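Engineer: First the structure, which I've put down as structure tokens, then a few questions once you've had a look.
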Amino acid sequence: MTVVPLADAGPTCGGKAHGLAVLMRAGLPVPDGFVVVDPADDPAEIAAHLGRLRGPAVAVRSSGLAEDSAAASFAGQLETVLGARSPAEVLTAIRRCAASAGSDRVRGYRSRLGLDDEDAVSVIVQELVAADRAGVLFTRDPRTGADAVVINASWGLGESVVSGAVAPDEAVVTAPADTVRVVVGAKQTRLDLTADGLARTPVPPTDRTRPCLTPDEVHRLVALGRRCAELAGRPQDVEWAIDGDRIWLLQSRPITTLGGPVGRALASPLVTGAPGGSGRATGPARLVRSVDDFARVQPGDVLVCRTTDPAWTPLFRLAAAVVTESGGVLSHAAIVAREFGLPAVVGADQAMAKLTDGTPITVDGFAGTITEGSH
């Protein structure tokens, strides 16, 4: 087993690890960790490296050579394990992350993007930030390509944002004047690190209706995001977390797709949501409530669901467009939809109730609308 301190990770440690190492060497706030380059069963070595980290729990994440690259984000495709504590738990998590590189969904993702198979990946073990607020930041607007920083944020750990489990707050900071526009999302639940592990709980009503970031925190995040982009030399997709008053950077990778100018919006939408980008498409609405409905999805259908997880990626290879009731424009589902060239509307409240299975609909991923019929 070869183990490399995260700050020393080079390109051979995979895209995610190398990206974080660049930030660490530049003095940016990144939780400490290490990279297991060739995972093997060595509990004693894992225990020794864990002993050098702070905090009660770690995040275990994959770092493949093609992952987090300019061509492919692999957003949510490989396994991530949050909250592992003991050496045995961490070793199990490392095996799980490494094995996920050979999963059917990862092979399907690679096939869709024309990438060769890669079964061996490095694995990052990193201090888990017990976040009060967390989310994702893009240093360019992925929907339009505009020179604007887009932030999706919610309470607790960032898993709620990237998985699309909640409708997050969205802050858009537009250059050159850095004008700020904030849309408050519902933020229905939160995921937190507790003494007993991870716990998902309802967000109190008063916290659902107020922004989870202060104006100062928005501007601090923008500054950090722009510094990440400066170091990388290209627009970046940054995951971040706030613990108390401190902002931590958890990821910095290239933005893989940027949209273009927004066209004319269609009139009289049945449902509206957040525009996910990638144009406009028409097809029969296919309401999918669980994996039991997967077999009903046919090529050219519009996938309509409450939210998605990585296991649903094979459906993206069939769908003409994607509509989710929850999630934001920077969620993993939205990122993968843009990479696949699929129009997407996320955070489309009541879409499952308002749309009828089998009815032709048009999804406008630029405007964030779903209209009846073809256009």
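Engineer: Please return the ranges of strands (runs of 3 or more DSSP E) entirely within region 143-211 where 3 or more residues are surrounded by 15 or more Cβ atoms within 10 Å (Cβ to Cβ), among the small types (Gly, Ala, Ser) and outside the structural domain of Ala311 (by TED's automatic domain parsing). Working first, answer last.
Structural biologist: Working: elements: 148-155, 169-174, 179-183, 189-194, 197-202.
It comes to 148-155.
Engineer: To continue, here is another question. Any idea how many residues of region 328-375 are polar (S, T, N, Q) and touching a helix residue (DSSP H, G or I) at 6+ places or on another chain (Cβ under 7 Å)?
Structural biologist: Here is the first cut: in region 328-375, the ones polar (S, T, N, Q) are 331, 350, 356, 359, 362, 369, 371, 374.
From what is left, the residues that are touching a helix residue (DSSP H, G or I) at 6+ places or on another chain (Cβ under 7 Å) are 331.
Of the residues in that region, 1 qualify.
Engineer: Any residue at all in region 217-226 that's among the small types (Gly, Ala, Ser), touching a Lys or Arg at 6+ places or on another chain (Cβ under 9 Å) and outside the structural domain of Val58 (by TED's automatic domain parsing)?
Structural biologist: Restricting attention to region 217-226, the residues satisfying the condition of being among the small types (Gly, Ala, Ser) are 223, 225.
From the residues that got through so far, the ones that are touching a Lys or Arg at 6+ places or on another chain (Cβ under 9 Å) too are none.
No, the conditions are met nowhere in region 217-226.
Engineer: Considering (1) within 19 Å of Asp132 (Cα to Cα); (2) surrounded by fewer than 14 Cβ atoms within 10 Å (Cβ to Cβ), say which one Leu221 fails and leave the rest.
Structural biologist: (2)
Engineer: Can you confirm whether region 269-287 contains a residue that is at pLDDT below 95, over 19 Å from Gly365 (Cα atoms) and part of a strand (DSSP E or B)?
Structural biologist: For region 269-287, residues at pLDDT below 95, over 19 Å from Gly365 (Cα atoms) and part of a strand (DSSP E or B): absent.
Engineer: Only residues that are exposed (fewer than 14 other Cβ atoms within 10 Å of the Cβ) and either under 18 Å from Ala281 (Cβ atoms) or touching a residue at least 24 places away in the same chain (Cβ under 8 Å) (or both): list them for region 291-308, please.
Structural biologist: Selection gives Gln298, Pro299.
Engineer: Now, a different point. Which is under 21 Å from Ala334 (Cβ atoms) and in a loop (DSSP other than H, G, I, E, B), of Leu78, Leu53, Leu28?
Structural biologist: On the way: Leu53 fails: under 21 Å from Ala334 (Cβ atoms); Leu28 fails: under 21 Å from Ala334 (Cβ atoms).
Sole residue among the options that is under 21 Å from Ala334 (Cβ atoms) and in a loop (DSSP other than H, G, I, E, B): Leu78.
Engineer: Residue check: is Ala348 in a loop (DSSP other than H, G, I, E, B), more than 30 Å from Trp240 (Cβ to Cβ), in contact with a strand residue (DSSP E or B) (Cβ under 8 Å, 6 or more places away or on another chain) and of a type outside the set (D, E, K, R)?
Structural biologist: Values: in a loop (DSSP other than H, G, I, E, B): yes; more than 30 Å from Trp240 (Cβ to Cβ): no; in contact with a strand residue (DSSP E or B) (Cβ under 8 Å, 6 or more places away or on another chain): yes; of a type outside the set (D, E, K, R): yes.
For Ala348, the condition - in a loop (DSSP other than H, G, I, E, B), more than 30 Å from Trp240 (Cβ to Cβ), in contact with a strand residue (DSSP E or B) (Cβ under 8 Å, 6 or more places away or on another chain) and of a type outside the set (D, E, K, R) - is not met.
Engineer: Answer yes or no as to whether Leu224 is part of a strand (DSSP E or B) and touching a residue at least 12 places away in the same chain (Cβ under 8 Å).
Structural biologist: For Leu224, the condition - part of a strand (DSSP E or B) and touching a residue at least 12 places away in the same chain (Cβ under 8 Å) - is not met.
Engineer: In region 292-308, what residues are in contact with a helix residue (DSSP H, G or I) (Cβ under 7 Å, 6 or more places away or on another chain) and either assigned to a helix (DSSP H, G or I) or not aliphatic (A, V, I, L, M) (or both)? Please lay out each step first, then the result.
Structural biologist: Just the residues of region 292-308 that are in contact with a helix residue (DSSP H, G or I) (Cβ under 7 Å, 6 or more places away or on another chain), to begin with: 294, 297, 303-304, 306, 308.
Answer for region 292-308, where residues must be in contact with a helix residue (DSSP H, G or I) (Cβ under 7 Å, 6 or more places away or on another chain) and either assigned to a helix (DSSP H, G or I) or not aliphatic (A, V, I, L, M) (or both): Phe294, Arg306, Thr308.
Engineer: Cβ-Cβ distance below 7 Å, separation of 6 or more or different chains: which pairs start in region 321-334 with a residue that is in a helix (DSSP H, G or I) and end on one that is polar (S, T, N, Q)?
Structural biologist: His332/Ser163; Ala333/Thr308; Ala333/Thr324
Engineer: Considering only residues that are more than 24 Å from Ile151 (Cβ to Cβ), of a type outside the set (A, V, I, L, M) and buried (at least 17 other Cβ atoms within 10 Å of the Cβ), which ones fall in region 259-278?
Structural biologist: Pro269
Engineer: May I pose another question? Does Asp357 fit the bill of being of a type in the set (D, E, K, R) and surrounded by 24 or more Cβ atoms within 10 Å (Cβ to Cβ)?
Structural biologist: Numbers: of a type in the set (D, E, K, R): yes; surrounded by 24 or more Cβ atoms within 10 Å (Cβ to Cβ): no.
Answer is no for this residue.
The values are calculated or read from the model by the stated rules, or taken from the named source; none is laboratory data. Remember, predicted model here, so these are calculated numbers, not experimental data. Backbone-built Cβ (ideal geometry, glycine too); neighbour counts: all protein chains shown.
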